[in-house]
Structures are given as C-alpha cells and as structure tokens.
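The values are calculated or read from the model by the stated rules, or taken from the named source; none is laboratory data. Bear in mind the structure is a predicted one, so any value in this text is a computation, not a measurement. In this analysis, Cβ positions are derived from the backbone assuming ideal geometry, glycine residues included, and neighbour counts consider all displayed protein chains. Accessible surface is based on the protein model in full, side chains and every heavy atom, while ligands, DNA and RNA are left aside. Shrake-Rupley method; radii C 1.70, N 1.55, O 1.52, S 1.80 Å.
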Amino acid sequence: MLIEVEKLNYTYASSEKEKVHALKDVSLNIRQGEFVALVGSSGSGKSTFVRHLNGLIKADSGDIRFQGESIYQKKYPISKLRQKVGLVFQYPEHQLFSRSVLADVAFGPRNMGDSKEEAENKAKAALEKVGIGEELFEGSPYELSGGQMRRVAIAGILAMEPEVLVLDEPTAGLDPYVRNQLLNLLKKMQKSGVTILLVSHSMEEVANYADRVVVFNSGRICMDGSPEEVFADKEKIRKAGLEMPQVMEALWQLKEQGIPVHEFTCNEKTAICQIVDIIKKKEA
Amino acid sequence: MIRIADVVHTYQRYGKSEEDTITIQALDHVDMEVKAGQFIAIIGHNGSGKSTLAKHLNALLLPSEGTVWIDDMATNVTENVGEIRKRVCMVFQNPDNQIIGATVEEDIAFGLENMKIPTERMQEKIDASLEAIHMTEKRSANPGNLSGGQKQKTAIAGAIAVEPKCLVLDEATAMLDPQARKEVIEIAEELNRTKGITIILITHHMDEVIHADKIFVMNQGKVAASGTPQEIFLQTDMLEKYHLEVPAITRMAVEMVRQGIDLKLPVLTVEQLTNQICRYGGNSSAN
Amino acid sequence: MMRDITIGKYYNQDSLVHQLDCRTKLAGTLLFIIAIFLVNRPVVYIPCLLYILILYKVARIPWSYALKGLKGFALLLLFTFIFRSIITDGREILTVWIFTVTYEGVLKAISLMARIMLMVLSASLLAYTTTPTQMASGLEKSLFFLEKVHVPIREMSMMVSIAFRFIPVFIEEVNIIMDAQASRGVDFHSGSIFRRMGKVMPLVIPLFVSAIRRSADLAMAMEARGYSEASERTKYRPLRYTSKDRIAYVIAIVVFVLLILTRIIL
C-alpha cells in the first residue's frame, strides 16, 4: 500500500465563535498507480484532507503512513515527503514568482537539494510534459496566458518528480480545450506509474478520467468505489450535495421510465451503444 | 435597451523595448442589440473578448471606435456615465475582490451611498435586495465568513439595490462550485422573470445558458455566432471549433442520430433526451 | 504565526460597546492610551488591566480573544523586555557575557511591556467592536475640519476602511502561498535569519502581484458601483450620539482623570 490513512481527525476555528470539525475519522488506502478522484461539496473536507497528505496540516489524531512509514513519527523527513507527494494548489499560477519560467519550475528541485544544472534539466523535462515550448523558457511567467501559467505552475510540482501527484481543482476556470489537455496529461502520467489524486467539482471530469471516486460529505468519507459503483447510488450522491454525470443521469431516468437499461456506465460510447441497441431491438 | 454599433477596442501591451510594444485588438467590429427584459448569454473561451465587451456596457471601458448606446445614451459622453451606471450594474468574477462593506448590509448600501440615495430611504431598498437574493437572515454577517456563492449573491444584491434596468454578470460564476453556480444562475433567472431586469450573462459554462433568450458566441474579438439556445446547440462543430464545451448529453444525442436513431436535435437537457427515447420506444412498440 | 493575528477582525456581537458611536470609542481609546503613557507607577497598570478586561466582558468578547491579539506582538514584547533590561544602568542582577541585567532595567521593561500590552488590548477592543466602515466614518467626521486645508479626508477614510476589510483576505492569502511554497520544498520555519530572509521572495512577490490584481479589480468594482472621489456620498448609518455615548464619555474621562491623578498622589 502506498498511502494508508487511518482515522484522521482535524478541527480548526473557522471564525470568532465556531470550531469546525473538518475531518472525522477519515480512513483511506491508496495503491500505487491509481487515479483517484476526491469529490464533495464545498466545505466537505476534501481540500483540508489533501493538505494532510504532504504534512502541511497535522491531524489532531489518527495516522498517515506513506510507503509503510508513519509521517507523524519523530524525525520523519517531511521535506522528502513533500518531494514524493507533490501537491498542486488551487489556482497554482498565483504562486509563480521567478523572473523566468525555467527558474520558477526549477525552484522545487533546487529546494530539494539538486544542483542548478540538475534542477534545470528536471524543469525542462517537466515543461515539455505540460506542453510549454522552449521559446517561453526564458520569458517572465507573468507574460503568459492564463492557461499557460497554470501549466507552468503544475510543471513546478512535476519537476520534483513526485510519486504521487495531488491536485486541488486544477481545472477551475480553464477552457474545455485546455482542461482536456491537462486531464489527458494526468492520465498519461498515471500510465507511467504516478499515482494521481484529483480534487474536482466536475462530475463529468471524474466520470471520464478517474478509476476510483471517493466522496466526502461533512468531513467524512461516505462513498468509495469505481465511478460506476459510486454513481449507482443516486440518493447518496444527492445527499452529498453532488450532481450525477449526465450519462449516468440519463441511464437512470430511462430505467425509471421503464426502458430496460441493464448496464450503468460512465462511458459515453458504451451508454450510446446500449441505448441504440435497445431502440433497434424494439424496432425489430 | 443596449445597442453596440461597430465597436472596436484596442490597447497597447508594453514590451521591454519600444519595438516589443504591440497593439492588441480585443474587440473587432462588434455589433449587438439587446432588448429590455431579455436574458442574454455571451459565451466564448478565455481571451475571446467577452469580458472586455462586458466592461463596455457601463462605461468601465470606452470603445476605440464605434459606439455603445444604453437607452440612447452613448457611453463615451462623460455626462451620461453616472446615469448609465445607475441603469447597468455589474457583478465580477472574484467574489473576494468586489465586496467593500464589512457586513452584507453595509456592502449593499455602498452603491446607494454613491448614488446619493437619502439615508431614510436606504433601509427599505436594502431589505428588498436582501429579500430578492433570499439572504435576509445573513444581513449582518461578515462577508469573509460567507461561501463563494453567498458572496456573489451579496454582490448581486448590491447591484440591484440601485434598481438597475440591466444586470451584467461578468464571469460571475467562473470561480464557484457547481452548487453555488446554480444558486447564482437561479437568482439571475428569477430577477429576470419577476422584476423584468435585463440579464447579460457572460460565462464559459454551457449548462448555464440553456434557458437564455439569445446567445452570442465570441471568438477573437468578434461575434462568431448568435441565436437561440436551440440554434446554437445545434452547431456542435462550431462550438468545438471555438473551444467551447458541448454538454455530454448534447454530444450523445448527436452521436445517436449518427447511428440512425431519430431524435430531434439539439438536446439541451437529460430530460429532453430521455423523454424522446421513451416516446420513441413507445411508438415503435405500438407499431 | 500569521494565523494568530486577529487585529482588524470585527467580532460580530450585539453589546453595549458595539452600539456606541465610533467617535466615542475612538476618543475613549485615545484617552486611555494617553493616560497609560503618562502613568509612572507600575502598580497602576493592574487596575488598568482590570478596566480593559471589564470592557471586554461588557463587549461580550471572550478574553481568549484579548490574548490572541497579543500573540502577534509576542516577539516585539520579548525583544522590548530584553532590550530594556540590559540597556538601563542600575543594580546588577545577572551578567551574561557583556550584558548586564539590572533591577531598574527589569522594572522599566515591565512597565514598558505593560504599556504596549494595554495599548494593543485597547486598540484590539476598538477593532473588535467597530466595523471598518464605522471606523472610517468616525475618523472622517472627527477629522473633517482638515478638508478645509485640502487634506482629502473622505478619500483617506475610504482607503482606511478598505485596507481593514482586506486584512483577513490578505492573511488567508499569505497562508495559502506559504503552504504552496512549502509544498515546493521551502522551509519557512528553520535556518538562520539570513537564510530565512532569502526565502521571503517566493512569498512576497506573489503577494505583491496579488495585491495589485486585487486593487485593480476592486477599483473597477467600486467604479462600476458609481463611486467617484469627486462627489459627495450619502450615509447608510449616519453617526448620531445617544445617551449611551454620553455615559461612556463620562466613564472614559473619569478613568483618564483618575489615572492622571495617580501621577500626583502616588
């Protein structure tokens, strides 16, 4: 097991008078090479949860084991953990600061102790992955378009060559075109062995890209399974304040109206084939 | 109520030296007309010029060429600006960067204070605005403790407190989660329906525009297409070309038609698809 | 450390202190601060502290909040204490290397610390019980005579109130950027002071950029809502003194006079 989270609890003061029990007994195991989507309405605890994974927030109780070792034991090398578990924040382009794109992306590896040359090589490789051309390397990151800045910021994490990539709503505010590019990149990285944890608000995105969906609801994990399994429980999804992917919603409505749908799938093509078959059979 | 005639907007982007300085044409001969009481959507990918266009509607930006008319007042006449801003109000993208007051009420009051509404008439206007966004119980809340959706609704309340004829939502839903987006759109639709306020919704979320009276598609500073949602969603290739999202359900229906199923396109909602399929199935079994 | 700073955060509560006119609270705070700097007997700081704590109680703000406000100044307080204790001549208590801690020094340090603490406590109370908007309009009205000599008081008060409004937003932003850069391997909490100084650029530059972006957005939002520095504005809640304010003024003045008297009597 790559990451084992056991009964995590975390409380913080939200305003003058209130305390928020943000995580309640959260347990979760993540295997290497998985593509896991973390979903839930705003304030359900998913963003707080991912900040625990690289030790930015320390839980009040519970344990996190990374590659079998508790990250809460004394002398655990947190900086190593942060290299292995790369965390991309929401709107990561707001954290760019260097004079050149290349220097910004090389910042992470430099902090991890790489030499300038090594760091720049890693940075170049990461920039290539996200599709930023060499002609932009020496320019200022602030002169890029919004979509380019987002990709540079993500490259800043990729350059540390993490084993786990955690992304907090990486597609927020992006055009569908840039968004699909980014999601395809994540899928590609998964194939090369990187474990992906994606926090997302878009159920379409989740249905199309994730192998496993973990649903958060007021600080607890309330569902965990393949997209098909999770979206099979329409009532629970609604209770968690989420919508169904349109494909699933359509299949459900058809079933409710007496159409003999047998396979609930998030895959558009499979769904289309199924519906077309049913209709053609009826016609015949 | 709004007439945009041949509007061009250019600006300079300064480079490191004079040669690097380039002139960017954000709007390229845009024509548009909006009638009072309509719900208009302007869609386009990032950088298509939709947000620049929005800022011309209440004289935050002025055209380099052409004219924007609000109720027959040109925005480039300085004397008109005050009145124009009373008639066309805006809500912007970032919920944190447009709330000025320390409480919801105080923020709603900000616009009224600027418009020199007498103190004794403010309370009723603030109450009415709070009522319209269904947030009366949050009147003395600190905006910092509100959710993103509530902040945007507060901004809407601040805008409608001065009783404008038109409300422009300039990518106001871009930073919100789906739940909050829905709330904001529902409020906009309600304001349009019950108070007859003209709504101009600028967005790149296609699911928000299916109830609009008319959609304008922007690309590279031009109006690339316009029409009713029915007309626009029929042109899925066009939407994809301009980097816009075609909802999964619309895409699926197109594919089914391609595979020989007889459906009436475009399909905008899940219900539209399932109802058609059910009717289809019913008809064929009767044969 | 930034997470603990609570100054500039209005604490929403319906209390007697919250209902007072901002000018009353401003005057009260000012009188109190002047008084504690005139007091020359350390023992008098005890009733002063009591007075402040009672005011917190009346304002229905938990004392833990008073402490939280102080936390942000802990470093300053410590520094003042050490500095004061060693630079003052007098009876020697302890010598470390070339520094000598003196009895008089410690005494002076304690009273200086007490002054700073009381000042912070009273200023925090003002901030907890007054919204930035009220504060700005209070300042505006109190200082309006300066408009006659062409000081743009109205604009300045608007600036102050907006600055206050954005403090929590900014603190939030600092936290996020720190976390994000920590995720890229920056360790803000260790290393020598010089090494730490080098680490502030990844924090300061994004903050600066964000501040510019936010102010541009805000300026546009204000303009869109009809704000113009040239024109007069009406007020949602114009300032009006009530009988509560008169009573508060009496209390504030009595406390002031009592504190000044200690100078003469003790």
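List of remarks:
- Neighbour cut-off at most 16 other Cβ (10 Å), DSSP loop, trypsin sites (Lys or Arg not before Pro), segment B:28-78: B:Lys35
- Test item: B:91-103 mean partner chain Cβ contacts at 10 Å: 6
- Average Cα contact separation per residue, chain C, under 8 Å, 6 or more apart, as relative contact order %: 30 percent
- Protection-proxy order for peptides B:3-16, A:192-205, C:198-211, each taking the mean of Cβ atoms within 10 Å per residue, highest first: A:192-205, C:198-211, B:3-16
- Simple point charges give the picture: +1 on the Cβ of Lys and Arg, -1 on the Cβ of Asp and Glu, and for segment A:245-284 a dipole about the Cα centre of about 140 debye.
- Inter-chain shielding of C:237-246 (mean C-beta neighbours from other protein chains, 10 Å cut-off): 1
- Dividing the mean sequence gap of close Cα pairs (under 8 Å, 6+ apart) by how many residues chain A holds gives a relative contact order of 22 percent.
- Percent of alpha-carbon pairs separated by more than 34 Å within chain C: 35 percent
- The alpha carbon radius of gyration of segment B:2-228, expressed as a multiple of 2.2 N^0.38 Å, is 1.02.
- Burial ranking of peptide ranges A:224-233, C:41-50 (average Cβ count within 10 Å, highest at the top): A:224-233, C:41-50
- Among the listed pairs B:Lys125/C:Lys235; A:Lys46/C:Lys68; A:Lys19/A:Lys75; C:Lys57/C:Lys141, those beyond 19 Å (Cα-Cα): A:Lys46/C:Lys68; A:Lys19/A:Lys75; C:Lys57/C:Lys141
- With contacts taken as Cα pairs under 8 Å at a separation of at least 6 residues, segment A:6-129 carries a relative contact order of 18 percent.
- For A:Lys255, the aspartates and glutamates whose Cα falls under 19 Å of its own Cα, not counting residues fewer than eight places away in the same chain, are A:Glu228, A:Glu229, A:Asp233, A:Glu235, A:Glu243, A:Glu263, A:Glu268, A:Asp277, A:Glu283, B:Glu271.
- For B:Met122, A:Met1, C:Met178, the ranking by accessible surface with the largest value first comes to A:Met1, C:Met178, B:Met122, using a 1.4 Å probe.
- 3J(HN,Hα) couplings calculated from phi for segment C:68-76 with the Karplus curve 6.51 cos²θ - 1.76 cosθ + 1.60 (θ = phi - 60°) are, in sequence order, 4, x, 6, 3, x, 9, 4, 5, 4 Hz; Gly and Pro show x.
- Long-range HN-HN contacts of A:Arg220 with modeled amide H, under 5 Å: A:Lys24
- Number of Lys pairs (Cα under 18 Å; 8 or more positions apart or on different chains) in segment A:93-205: 6
- Ordering B:23-30, B:194-201, A:253-260 by mean Cβ neighbour count within 10 Å, with the highest value first, yields B:194-201, B:23-30, A:253-260.
- Here the gap between C:Ile82 and C:Ile253, fully extended at 0.36 nm per residue and compared with their Cα-Cα distance, gives a gain of 58.1 nm.
- Distant-in-sequence amide H partners of B:Ala225 (H built 1.01 Å from N, under 5 Å): B:Val217
- Between the beta carbons of B:Lys241 and B:Asp28, assuming R0 = 25 Å, the FRET efficiency works out to 0.90 to the nearest 0.05.
- Lys, Arg +1 and Asp, Glu -1 on Cβ, resulting dipole of chain A about Cα centre, debye, nearest 20: 580 debye
- Hz values of 3J(HN,Hα) by residue in segment B:130-145 - Karplus curve (6.51, -1.76, 1.60), Gly and Pro given as x: 4, 4, 5, 9, 6, 10, 3, 6, 9, 4, 9, 6, 7, x, x, 9
- Charge dipole (Cα centre; +1 on Lys/Arg Cβ, -1 on Asp/Glu Cβ; no other charges) of the protein assembly as shown amounts to roughly 3040 debye.
- The mean number of Cβ atoms from other chains found within 10 Å of a Cβ in peptide B:165-175 is 1, as a whole number.
- In the structure shown, the pairs B:Lys153/C:Lys25; A:Lys58/A:Lys80; B:Lys35/B:Lys55; B:Lys153/B:Lys195; B:Lys35/B:Lys165 are assessed against 22 Å; a Cα-Cα span above that value is assigned to B:Lys153/C:Lys25.
- For the protein assembly as shown, share of DSSP beta bridges that run antiparallel, in % to the nearest 5: 55 percent
- Neighbours of B:Ala157 by Cβ distance under 14 Å: Lys/Arg scored +1, Asp/Glu scored -1, total -3.
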